[in-house]
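Trainee: The structure follows.
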Amino acid sequence: MTIRNDITIAIVVIIIYSCNTANPAHTNKASAVQSNDSILLDSDGNRYPLKSVSNKILWMTSNLDLDIPGSYCYEDKKENCQLYGRLYSWESARNGCMLLGRGWRLPASDEWKQLIVVYSGLAKDSSEIRKEAYKALMYPGDSKFNAVLGGGRDPEGQYSRLEAHGFYWTATENDSATAWFYNFGKGSQALFQRMVVKRRDRFPFVV
């Protein structure tokens with residue numbers, strides 16, 4: 001199965017949805033309980049439900065809300081962090097996942113593709129796989145993955161697209177300047193893979 005790789009050069013800060021882990025110390029424990037019965041606690045005291053999927057990877061099912069440099073609440077309002085999680089640069093997203101403990105990481109693009117296959121119920125790329133994945137992975141879809149439309153923040157500090165788009169980083173770089181992310185689009189009711197410019201030296205909020 002291949003996901004359409006639409007290339008969009010954009011300058012936004014993306015919301016990180018979920019960290020994951022394949023560390024047996026985590027996944028073996030989770031396999032003994034029902035989905036969403038496990039809880040991860042971060043250093044700020046935030047609690048995250050966890051879900052194990054068929055590829056033996058454990059995913060968080062609520063957005064990261066760890067207050068670290070390079071992260072923001074939408075429109076700088078704490079209540080938006082509580083509803084949607086924080087907005088992160090690519091570098092801060094990677095760091096935030098690692099701060100959750102050994103084995104926790106920002107998901108790779110291929111891990112997202114596996115997730116889409118599991119929850120779309122379809123085996124090849126098409127407009128239908130993007131729509132079915134959107135329905136299943138969005139809150140309150142059948143997967144209980146609970147993606148939300150948290151918007152983004154540009155390098156000038158302007159916030160936009162709340163409740164219109166949910167942007168989720170992957171750890172996968174296209175090259176030294178760009179990385180892949182996934183976009184839940186409310187208008188299209190579909191999930192797309194996109195690419196964003198990082199430019200660490202020019203845009204400290206975008207990485």
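Trainee: For the cross-link pairs K78/K186; K144/K186; K56/K131; K51/K135; K56/K77, which exceed 28 Å when the distance is taken from alpha carbon to alpha carbon? Show your work: numbers first, answer last.
Mentor: Numbers: K78/K186 24 Å; K144/K186 18 Å; K56/K131 24 Å; K51/K135 18 Å; K56/K77 36 Å.
Among K78/K186; K144/K186; K56/K131; K51/K135; K56/K77, the Cα-Cα distance tops 28 Å for K56/K77.
Trainee: How large is log10 I(q)/I(0) at q = 0.14, 0.23, 0.24, 0.26 Å⁻¹ when the Debye formula is applied to the Cα atoms of segment 85-154, each weighted equally and without solvent?
Mentor: Taken in order of the listed q values, log10 I(q)/I(0) reads -0.55, -1.10, -1.12, -1.15.
Trainee: Find the centroid of the Cα atoms in segment 139-191 and in segment 68-99, then give the distance between the two in whole Å.
Mentor: That distance is 13 Å.
Trainee: Roughly speaking, what is the stretch gain from K78 to S176, that is 0.36 nm per residue apart minus the C-alpha to C-alpha distance, in nm to one decimal? Intermediate values should be presented prior to the final figure.
Mentor: Numbers: separation 98, 0.36 × 98 = 35.28 nm, distance 3.31 nm.
Computed gain between K78 and S176 is 32.0 nm.
Only the coordinates and a few stated rules stand behind these numbers; no lab work does. Quantities reported herein were computed from a predicted structural model and do not represent experimental measurements.
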